[in-house]
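A.B. asks: Encoded as structure tokens, here's the structure I'll be asking about.
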Amino acid sequence: MGVRAALRDIGLTLEPTLWVVYQQNYRGGAETHNADDIAGKWHYDLTFDFQKMGLIPGGSFRARLVQAWNEGIQDEVGSLTAPYYSVGGCGDHYFGDNPCILADKWWYQQEWLDGRIELRLGKQQAYKDLFDANAYAGDYARQFMNRALYWNTTVPGVKGIGAYLRVRPVKPFYVSAGAFDPQQRPTRTGFDTAFHGRAWFTGYAETGWSPEFHSTRGRLPGNYRFGLWYDPVVRTVYRDTLGGARRAPREGGDVGFYTSMDQLIWKEQPDRDDEQGLGVFFRYGWAPGDARLIGHSWSVGLQHRGLVPSRDADVLGFAFAQSILSRQYRGEIQPLGDRESIWELYYRIQVFGWLEVTPDIQVIANPGGLKSARDAVVGGVRVRVTL
């Protein structure tokens with residue numbers, strides 16, 4: 001037995017993961033000259049399982065340390081969403097080429113009644129990790145790279161100190177809710193904004209149904225979700241100020257909603273543990289457009305695992321997404337505004353158990369949501385190493 005296995009048996013795990021992405025804007029967009037970058041991240045996931053340690057039944061503490069470098073090519077493409085989202089450095093804006101290690105997430109987790117009730121307290125990623133965690137379009141480290149395909153662009157992306165509760169009263173139904181500090185900066189602990197001065201908390205609530213349909217080849221799991229969010233942050237309303245002759249008002253307290261689903265629709269093998277097959281997903285979100293750039297967003301796509309014979313762990317993904325600029329922004333600020341459309345195709349190759357290589361191609365129409373923008377073609381490759 002190795003050292004890591006021995007530590008895992010007593011409740012301590014450390015899982016380092018590295019991925020590096022090379023991307024280039026081959027055509028269109030804002031700039032094609034020197035429009036390439038190599039971005040990367042280290043994740044160090046640490047877990048203390050207090051139940052295995054004999055301390056707290058159902059209790060654990062989890063943390064993720066992150067080291068990232070380079071910003072990708074979003075500026076060169078001119079898009080609303082990043083073709084690959086990677087930020088690093090310890091500067092005031094958390095961007096740049098100066099890598100450092102940050103405590104990205106940490107929380108205490110307590111489960112009761114065999115996981116039917118789950119409570120988390122600490123610094124957490126609200127959307128995508130806890131809410132709308134889509135099975136086929138939710139992990140930029142292994143699935144789609146473009147942010148519009150793993151993130152509903154109308155939903156606030158808050159990472160901060162907060163609380164999360166999920167209750168599954170009757171399988172396969174659940175309800176969940178959470179409140180998180182939207183003022184936290186990545187280089188700060190968050191305690192200075194969460195518990196001092198004016199306290200603002202972005203709230204989320206979600207209900208879902210996770211059925212398992214049956215076929216001649218076995219179970220077909222799926223997830224169907226509907227969620228609401230509340231954002232108290234005050235923003236400037238989009239308004240034509242007539243060259244400064246009138247002032248644009250400010251407002252907060254926005255409420256929006258989202259819905260999404262993922263469903264395995266065909267299974268290659270009847271073996272319950274075999275994951276080969278075809279799955280589909282869909283997302284839609286709406287946000288009030290007075291002070292928000294994107295009013296509607298939606299995406300649809302598929303994932304096929306084991307498409308190529310003898311390559312059972314390889315994954316093919318194809319999807320389409322649109323981010324639609326709000327009517328207020330188009331009418332008051334940008335008459336050429338419309339929508340940004342994205343097509344993405346990837347093929348994830350499982351070279352070894354610890355190594356994945358993923359070629360990826362994206363076509364981004366109307367970057368920035370502008371009718372006058374040049375359509376961009378972005379190609380690249382992602383390498384993921386699990387130690």
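A.B. asks: Would you check if Gly301 is of a type outside the set (S, T, N, Q), surrounded by fewer than 20 Cβ atoms within 10 Å (Cβ to Cβ) and either out of contact with any Pro (no Cβ under 9 Å at 6 or more places or on another chain) or part of a loop (DSSP other than H, G, I, E, B) (or both)? So that I can check it myself, show each step before the final result.
C.D. replies: Details: of a type outside the set (S, T, N, Q): yes; surrounded by fewer than 20 Cβ atoms within 10 Å (Cβ to Cβ): no; either out of contact with any Pro (no Cβ under 9 Å at 6 or more places or on another chain) or part of a loop (DSSP other than H, G, I, E, B) (or both): yes.
No: the conditions fail for Gly301.
A.B. asks: So is Tyr224 among the aromatic types (Phe, Trp, Tyr) and over 28 Å from Gly78 (Cβ atoms) or not? Can you show your working first?
C.D. replies: On the way: among the aromatic types (Phe, Trp, Tyr): yes; over 28 Å from Gly78 (Cβ atoms): yes.
Criteria met by Tyr224.
A.B. asks: Search region 253-276 for residues being of a type in the set (Phe, Trp, Tyr) and more than 30 Å from Arg311 (Cα to Cα), and hand back the single one that is surrounded by the fewest Cβ atoms within 10 Å (Cβ to Cβ). Don't jump to the end; show me each part of the working.
C.D. replies: To start, the set of residues in region 253-276 that are of a type in the set (Phe, Trp, Tyr) comprises 257-258, 266.
The next check asks that each one be more than 30 Å from Arg311 (Cα to Cα); those that pass are 257-258.
On the way: Phe257: 15, Tyr258: 24.
Only one residue fits best here, namely Phe257.
A.B. asks: Still on this structure, I have one more. Is it the case that region 206-213 has a residue that's of a type in the set (Gly, Ala, Ser), touching a residue at least 40 places away in the same chain (Cβ under 8 Å) and in contact with a Lys or Arg (Cβ under 8 Å, 6 or more places away or on another chain)?
C.D. replies: Applying the first criterion (of a type in the set (Gly, Ala, Ser)) to region 206-213 yields 208, 210.
Those left that are additionally touching a residue at least 40 places away in the same chain (Cβ under 8 Å): none.
Scanning region 206-213, I find no residue that is of a type in the set (Gly, Ala, Ser), touching a residue at least 40 places away in the same chain (Cβ under 8 Å) and in contact with a Lys or Arg (Cβ under 8 Å, 6 or more places away or on another chain), so the answer is no.
A.B. asks: For Asn25, all conditions in the list (1) over 28 Å from Trp354 (Cα atoms); (2) at pLDDT below 95 hold save one; what is the number of the exception?
C.D. replies: All conditions pass for Asn25, except number (2).
A.B. asks: Hey, among Pro186, Pro221, Pro211, which residue is over 20 Å from Phe281 (Cα atoms), out of contact with any His (no Cβ under 7 Å at 6 or more places or on another chain) and not small (Gly, Ala, Ser)? Outline the logic, then answer.
C.D. replies: Numbers: Pro221 fails: over 20 Å from Phe281 (Cα atoms); Pro211 fails: over 20 Å from Phe281 (Cα atoms).
Criteria check complete, one pass: Pro186.
A.B. asks: If you don't mind, another one. Any idea which residue in region 348-369 is nearest to Pro16 (Cα to Cα), counting only those that are buried (at least 18 other Cβ atoms within 10 Å of the Cβ) and out of contact with any Ser or Thr (no Cβ under 7 Å at 6 or more places or on another chain)?
C.D. replies: Glu356
A.B. asks: Mind listing just one residue for me: the one in region 30-58 that is hydroxyl-bearing (Ser, Thr, Tyr) and assigned to a strand (DSSP E or B) and, of those, modelled with the highest pLDDT? Outline the logic, then answer.
C.D. replies: Of all residues in region 30-58, those hydroxyl-bearing (Ser, Thr, Tyr) come to 32, 44, 47.
Cutting the leftovers down to assigned to a strand (DSSP E or B) gives us 44, 47.
Values: Tyr44: 94, Thr47: 97.
For region 30-58, the residue satisfying everything is Thr47.
A.B. asks: Exactly one condition in (1) surrounded by fewer than 19 Cβ atoms within 10 Å (Cβ to Cβ); (2) assigned to a loop (DSSP other than H, G, I, E, B); (3) at pLDDT 95 or above is not met by Ser79; state its number.
C.D. replies: Tallying (1) surrounded by fewer than 19 Cβ atoms within 10 Å (Cβ to Cβ); (2) assigned to a loop (DSSP other than H, G, I, E, B); (3) at pLDDT 95 or above, Ser79 fails exactly one: (1).
A.B. asks: Look at region 1-54 and say how many of its residues are over 28 Å from the mean Cα position of the chain (by Cα) and of a type in the set (Val, Ile, Thr).
C.D. replies: Qualifying residue count, region 1-54: 2.
A.B. asks: Here are the criteria: (1) assigned to a loop (DSSP other than H, G, I, E, B); (2) touching a strand residue (DSSP E or B) at 6+ places or on another chain (Cβ under 9 Å); (3) not basic (Lys, Arg). Tell me which single one Ala199 does not satisfy.
C.D. replies: (2)
Let's see how each residue does on (1) touching a Cys at 6+ places or on another chain (Cβ under 8 Å); (2) hydrophobic (A, V, I, L, M, F, W, C); (3) over 30 Å from Gln322 (Cβ atoms):
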{"position": "Trp112", "(1), (2), (3)": "no, yes, yes"}
{"position": "Arg120", "(1), (2), (3)": "no, no, yes"}
{"position": "Asp129", "(1), (2), (3)": "no, no, no"}
{"position": "Tyr150", "(1), (2), (3)": "no, no, no"}
{"position": "Gly178", "(1), (2), (3)": "no, no, no"}
{"position": "Ala194", "(1), (2), (3)": "no, yes, yes"}
{"position": "Phe213", "(1), (2), (3)": "no, yes, no"}
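A.B. asks: Just give me the residues in region 59-76 being at pLDDT below 95 and either under 30 Å from Glu118 (Cα atoms) or surrounded by fewer than 19 Cβ atoms within 10 Å (Cβ to Cβ) (or both), in sequence order.
C.D. replies: Selection gives Arg64, Leu65, Val66, Gln67, Asp75.
A.B. asks: Another one. For residues that are assigned to a strand (DSSP E or B) and at pLDDT below 95, scanning just region 125-159, find the one that is farthest from Val280 (Cα to Cα). Walk me through it before giving the result.
C.D. replies: Of the residues in region 125-159, the ones assigned to a strand (DSSP E or B) are 125, 127, 131, 159.
When the remaining residues are screened for being at pLDDT below 95, the result is 125, 127, 159.
On the way: Gln125: 25, Tyr127: 20, Lys159: 28 Å.
Filtering first and then ranking leaves Lys159.
A.B. asks: I would also like to ask the following. Quickly run through region 277-292 and pick out the residues that are surrounded by fewer than 20 Cβ atoms within 10 Å (Cβ to Cβ) and under 19 Å from the mean Cα position of the chain (by Cα).
C.D. replies: Pass one, region 277-292, residues surrounded by fewer than 20 Cβ atoms within 10 Å (Cβ to Cβ): 278, 280, 282, 284, 286, 288, 290.
Listed by number, the residues that qualify are Val280, Phe282, Tyr284, Trp286.
A.B. asks: Going by the conditions given, is Tyr164 crowded, with 20+ Cβ neighbours inside 10 Å, closer than 22 Å to Gln263 by Cβ and within 18 Å of the chain's Cα centre (by Cα)? Steps first, answer last, please.
C.D. replies: On the way: crowded, with 20+ Cβ neighbours inside 10 Å: yes; closer than 22 Å to Gln263 by Cβ: no; within 18 Å of the chain's Cα centre (by Cα): yes.
Taking the combined requirement at face value, the residue does not satisfy it.
A.B. asks: Kindly indicate the residue of region 370-387 that is aliphatic (A, V, I, L, M) and buried (at least 21 other Cβ atoms within 10 Å of the Cβ) and also farthest from Tyr85 (Cα to Cα) among those meeting that condition. Step through it out loud before you land on a result.
C.D. replies: As a first pass, look at region 370-387 and keep what is aliphatic (A, V, I, L, M): 370, 373, 376-378, 381, 383, 385, 387.
Next, only the ones that are buried (at least 21 other Cβ atoms within 10 Å of the Cβ) stay: 373, 376, 378.
On the way: Ala373: 21, Ala376: 17, Val378: 14 Å.
It comes out as Ala373.
A.B. asks: Can you tell me which residue among Ser210, Ser176, Ser215 is hydroxyl-bearing (Ser, Thr, Tyr), more than 30 Å from Val351 (Cα to Cα) and touching an Asp or Glu at 6+ places or on another chain (Cβ under 6 Å)? Let's see the steps before the verdict.
C.D. replies: Working: Ser210 fails: touching an Asp or Glu at 6+ places or on another chain (Cβ under 6 Å); Ser215 fails: touching an Asp or Glu at 6+ places or on another chain (Cβ under 6 Å).
Within the list Ser210, Ser176, Ser215, the selection yields Ser176.
A.B. asks: Ala205 - would you say it is modelled with pLDDT of 90 or more, surrounded by fewer than 17 Cβ atoms within 10 Å (Cβ to Cβ), over 18 Å from the mean Cα position of the chain (by Cα) and among the small types (Gly, Ala, Ser)?
C.D. replies: Values: modelled with pLDDT of 90 or more: yes; surrounded by fewer than 17 Cβ atoms within 10 Å (Cβ to Cβ): yes; over 18 Å from the mean Cα position of the chain (by Cα): no; among the small types (Gly, Ala, Ser): yes.
Against the criterion (modelled with pLDDT of 90 or more, surrounded by fewer than 17 Cβ atoms within 10 Å (Cβ to Cβ), over 18 Å from the mean Cα position of the chain (by Cα) and among the small types (Gly, Ala, Ser)), Ala205 does not qualify.
A.B. asks: Now for a separate question. Can you go through Ala6, Ala30 and tell me which one is of a type outside the set (D, E, K, R) and surrounded by fewer than 15 Cβ atoms within 10 Å (Cβ to Cβ)?
C.D. replies: Values: Ala30 fails: surrounded by fewer than 15 Cβ atoms within 10 Å (Cβ to Cβ).
Selected residue: Ala6, the only one of Ala6, Ala30 that is of a type outside the set (D, E, K, R) and surrounded by fewer than 15 Cβ atoms within 10 Å (Cβ to Cβ).
A.B. asks: Could you go through region 192-203 and let me know if any residue there is over 18 Å from Gly253 (Cα atoms) and hydrophobic (A, V, I, L, M, F, W, C).
C.D. replies: Scanning region 192-203 turns up at least one residue that is over 18 Å from Gly253 (Cα atoms) and hydrophobic (A, V, I, L, M, F, W, C).
The values are calculated or read from the model by the stated rules, or taken from the named source; none is laboratory data. Predicted model only: the values in this text are computed from it and were never measured. Methodologically, a virtual Cβ is constructed for each residue, glycine included, from the backbone with ideal geometry; neighbour enumeration extends over all protein chains shown.
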